[in-house]
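The values are calculated or read from the model by the stated rules, or taken from the named source; none is laboratory data. Source: prediction; values computed, not measured. Quick reminder, even Gly has a Cβ in these numbers, built from the backbone with ideal geometry, and neighbours come from all protein chains shown.
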């Protein structure tokens with residue numbers, strides 16, 4: 001916490017803050033679930049899984065850096081914002097430094113990803129390039145996705161479907177309907193992190209022309225969207241159990257239902273900075289659910 005000038009974080013700590021550690025489960029969960037599916041079929045490749053995890057983390061961090069930079073340049077991030085501290089708005093990292101950080105992060109993701117291209121071929125190269133471009137286009141470029149109500153779709157596709165199915169593919173060299181189905185709750189719960197973030201920032205975003213779905217359709221829609229994505233996430237394990245893996249273990253994610261109920265209550269009760277607690281718990285739910293889902297598949 002920054003209270004006085006002498007307590008200002010050092011540069012390394014500032015970069016850690018910029019990476020937004022609490023969002024990183026969004027990069028970890030898809031890889032874990034995709035790997036669990038590959039392991040279930042007896043085709044797990046540990047090195048491929050590790051490289052996929054590192055690339056996923058780098059793309060997530062790079063996207064966070066881009067978001068920090070271009071929200072700051074657009075005036076969407078202010079020092080007195082409702083959400084967590086942002087390093088550019090707080091003067092902890094300069095624009096020049098952040099641009100360099102973005103280049104290094106995405107360059108490392110691309111170079112490491114070449115190993116996955118070696119395993120999976122041209123499709124993985126295309127997916128990798130699109131993932132990096134989407135990370136840049138999230139808040140940068142002539143038509144930033146987050147400023148035109150497309151952020152939710154981006155997150156669901158790339159951190160849900162692409163992350164999960166892509167990890168599964170580089171280890172098995174095929175795409176199964178089960179892998180696509182398993183990617184749905186992963187993407188839905190990660191998308192809900194963004195939904196809460198946009199719900200909290202609706203008024204601030206509206207004043208700077210950041211047209212998130214919460215700004216375009218209103219807070220009532222955002223609450224409805226959040227509940228629908230939650231409901232979908234808890235239906236998928238039942239479908240998997242009935243149609244694909246008739247083992248009670250795949251229902252382990254249902255143990256997190258009390259957290260989901262608590263989150264819905266918070267959503268209808270909290271406002272402003274209070275929603276930071278809801279945001280944090282939503283991220284934790286995504287991680288816990290993902291780990292339980294992967295564990296259930298393995299067992």
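For this structure, a couple of remarks:
- Extreme residue, farthest from residue 64 (Cα to Cα), among residues of region 104-157 that are touching a strand residue (DSSP E or B) at 6+ places or on another chain (Cβ under 8 Å) and not in a loop (DSSP other than H, G, I, E, B): 148
- Pairs, first on the phi < 0 side of the Ramachandran plot in region 123-137, second crowded, with 18+ Cβ neighbours inside 10 Å and outside any helix (DSSP H, G or I), C-beta under 6 Å, six or more apart: none
- Test: residue in region 87-94 that is surrounded by fewer than 20 Cβ atoms within 10 Å (Cβ to Cβ) and under 23 Å from residue 202 (Cα atoms): yes
Residue-by-condition table, conditions (1) surrounded by fewer than 23 Cβ atoms within 10 Å (Cβ to Cβ); (2) modelled with pLDDT of 90 or more:
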position: 4; (1), (2): yes, no
position: 10; (1), (2): yes, no
position: 21; (1), (2): yes, no
position: 46; (1), (2): yes, yes
position: 56; (1), (2): no, yes
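- For residue 209, the criteria (1) modelled with pLDDT of 90 or more; (2) in contact with a helix residue (DSSP H, G or I) (Cβ under 8 Å, 6 or more places away or on another chain); (3) farther than 19 Å from residue 291 by Cβ hold in every case but one, which is (1).
- A single entry from 288, 297 fulfils the requirement of being over 21 Å from the mean Cα position of the chain (by Cα), closer than 19 Å to residue 32 by Cα and either modelled with pLDDT of 95 or more or crowded, with 17+ Cβ neighbours inside 10 Å (or both): 297.
- Filtering region 31-57 to residues that are in contact (Cβ under 8 Å) with a residue 40 or more places away in the chain and either touching a strand residue (DSSP E or B) at 6+ places or on another chain (Cβ under 7 Å) or not in a helix (DSSP H, G or I) (or both) leaves 41, 43, 44, 45.
- In region 257-275, the condition of being more than 24 Å from residue 212 (Cβ to Cβ), surrounded by 19 or more Cβ atoms within 10 Å (Cβ to Cβ) and modelled with pLDDT of 95 or more is met by no residue.
- Among the residues making up region 138-157, those that are within 20 Å of residue 103 (Cβ to Cβ) and in contact (Cβ under 8 Å) with a residue 60 or more places away in the chain are 138, 139, 140, 144.
- Test: residue 169 is touching a strand residue (DSSP E or B) at 6+ places or on another chain (Cβ under 8 Å) and either modelled with pLDDT of 90 or more or buried (at least 18 other Cβ atoms within 10 Å of the Cβ) (or both): no
- Considering region 137-157, the residues that are surrounded by fewer than 18 Cβ atoms within 10 Å (Cβ to Cβ) and over 18 Å from residue 225 (Cα atoms) include one that is modelled with the lowest pLDDT, namely 141.
- Filtering region 206-216 to residues that are at negative phi and more than 22 Å from the chain's Cα centre (by Cα) leaves 206, 207, 208.
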